[in-house]
Each structure stands twice: as structure tokens, then as C-alpha cells.
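Below is one structure, written out as C-alpha cells, with a few remarks after it.
Only the coordinates and a few stated rules stand behind these numbers; no lab work does. Here the structure is a predicted model, which means the values were calculated and not measured. Quick reminder, even Gly has a Cβ in these numbers, built from the backbone with ideal geometry, and neighbours come from all protein chains shown.
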Amino acid sequence: MTDQVRATYDAVAEDYARIVTGLDAEGPLDRAMLADFADRVDGPVADVGCGTGRLTDFLAGRGIDVVGVDLSPGMIDVARRSYPALRLEVGSMTALDLPDGRLSGVLAWYSIIHTPPEGLPVVVAELRRVLAPGGHLLLGFQAGADQHRTLTHAYGHEVQCDAWLHDPDTVSGLLADAGFVVDARLVREPAGGERRPQASLLATRA
Ligand SMILES: C[S@@+](CC[C@H](N)C(=O)[O-])C[C@H]1O[C@@H](n2cnc3c(N)ncnc32)[C@H](O)[C@@H]1O
């Protein structure tokens with residue numbers, strides 16, 4: 001599974017960076033969630049599944065001490081080239097190279113979309129582990145009833161990669177079970193070229 005995700009994003013990295021730039025890809029509601037997250041954090045932050053670093057750069061531009069982590073060396077290469085001043089590392093959100101309770105915030109923007117529903121508790125536990133009590137988590141993902149998809153085309157490339165639409169109620173429940181308080185839930189209809197509803201959840205580690 002992780003090999004498939006890594007290979008897919010290694011293949012699309014250059015074109016992803018060309019097509020999905022800065023905050024331009026986000027509509028006003030998603031930008032509001034990202035801005036609110038940036039306002040809440042008051043210490044170090046990890047952007048997990050940072051991809052080409054576009055949101056790592058957004059957070060750094062808000063004066064936030066941020067590290068970007070991604071499974072795909074290809075995405076990290078592109079990110080380092082685009083944002084040489086940022087801290088960007090290859091790694092997995094299931095085993096972050098960060099100490100317990102270190103972070104004020106974790107952003108996981110569309111990076112849990114390749115995690116099957118049964119894998120989410122491990123991810124949520126790892127993100128909770130690295131957050132300090134009172135730390136904030138923002139998750140973005142395509143919303144659905146735990147539906148599986150196989151991606152065969154992405155950003156102009158033929159790929160083979162599993163992806164899931166996650167149920168916002170289920171993800172909220174997992175967060176609560178793991179000791180988070182869910183502060184805000186956004187579920188919105190598709191906009192622009194999107195084909196599916198989109199969700200974002202903002203939560204605080206109790
Ligand atoms: C759709 S892209 C989103 C990238 C970035 N967050 C953005 O909004 O542009 C998904 C990213 O999540 C990364 N990813 C998926 N599973 C991961 C994991 N277990 N650990 C770290 N990164 C992961 C992929 O390599 C890919 O770069």
C-alpha cells in the first residue's frame with residue numbers, strides 16, 4: 001500500500017506542483033479552515049503528507065515553525081526545490097520521527113485519502129502522540145461512506161493507487177475515541193472540478 005502511494009506521488013510530483021499551487025486550489029471555506037488552524041497554533045507544527053510543500057509554505061508564511069513530512073521522496077524533492085528555506089523530510093504519518101507531545105499543531109490535508117478506514121485509528125493515534133495537550137489537528141479529505149476507489153489517472157499520468165472517501169461522522173468518532181475534542185466540522189458540496197463532497201475536521205487534543 002505505501003509502496004503504491006509512494007510510486008504514484010513520485011510519478012506525478014512535478015505535474016502536481018505545476019497544477020496545484022499555493023492556496024489557489026482551495027475555495028474560501030477550506031481556506032477559512034486552514035486560516036483558523038493557523039491562528040490557533042502557537043508552537044511547532046507538522047504538515048503531514050505535505051506533498052509539494054504548498055501548505056507548509058503557507059504556514060511558514062504565517063510565522064509558524066513548521067516541518068513538512070511526506071512518504072514520497074519525489075514530492076519532497078520538488079518541495080525542497082520550490083521552498084529551499086523550509087524543513088521538509090521523507091517520512092510516514094504512521095511513524096513520525098518526532099517526540100511525544102512536541103507539537104502545537106498537525107495539518108493532514110488530503111493525506112489520509114490513501115489510508116483505508118481500518119488504518120485510520122493507527123494514524124489518529126500517531127498524530128495524537130506527537131501533539132501536546134491542547135494541540136490542534138486539521139484533517140481534510142474527500143467525504144463519502146468509506147468508499148474505495150482505484151485511481152488510474154492523476155495529474156496527466158497513468159497510475160495505480162487505492163484511495164478512500166471517508167465518512168466524516170466515523171472520522172469524528174475516531175477522533176473522540178482517541179481523546180480529541182472536535183471543534184469544527186465542515187462538509188461541503190463539490191465545487192469547481194471536484195466530483196465529491198469534501199470534509200475538514202478541526203480538533204483539539206484534550
Ligand atoms: C493529495 S496529496 C496532498 C498533498 C498536500 N497535503 C496538498 O494539500 O497539496 C497526498 C499526499 O499525502 C502523502 N501521503 C499519503 N500517505 C502518507 C503517509 N502514510 N505518510 C506521509 N505522507 C503520506 C502522499 O505522498 C501525497 O504527497
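What the table shows:
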read-out: Residue-wise HN-Hα coupling along the stretch 69-83, computed from phi with Karplus coefficients 6.51, -1.76, 1.60 (Hz; x: Gly, Pro); value: 10, 8, 5, 9, x, x, 5, 5, 4, 5, 4, 5, 5, 6, 10
read-out: Antiparallel %, DSSP beta bridges [both residues in the chain], to 5; value: 55
read-out: Cα shape, the stretch 101-206, gyration tensor, a/c 1.5 rule; value: prolate
read-out: Cα shape, the stretch 12-84, gyration tensor, a/c 1.5 rule; value: oblate
read-out: Kirkwood Rh in Å, taken over all unlike Cα pairs in the stretch 1-145; value: 15.2
read-out: DSSP bridge pairs, the stretch 1-105: antiparallel proportion in percent, nearest 5; value: 10
read-out: Peptide ranges 164-173, 48-57, 5-14 listed from the most packed, as the mean C-beta count within 10 angstrom indicates; value: 48-57, 5-14, 164-173
read-out: Nearest-20 debye value, the chain charge dipole, Cβ charges on Lys, Arg, Asp, Glu; value: 280
read-out: Length added when fully stretched, Thr21-Glu89, from 0.36 nm per residue minus Cα-Cα; value: 22.5 nm
read-out: Mean separation of Cα contacts under 8 Å, 6 or more apart, over the residue count of the chain: relative contact order %; value: 20
read-out: For the chain, calculated [θ]222 nm from helices alone, where every DSSP H run of n ≥ 4 adds -39500 (n - 2.57); value: -10500 deg cm²/dmol
read-out: Net charge of Cβ neighbours under 11 Å - reference Glu14; Lys, Arg +1; Asp, Glu -1; value: -1
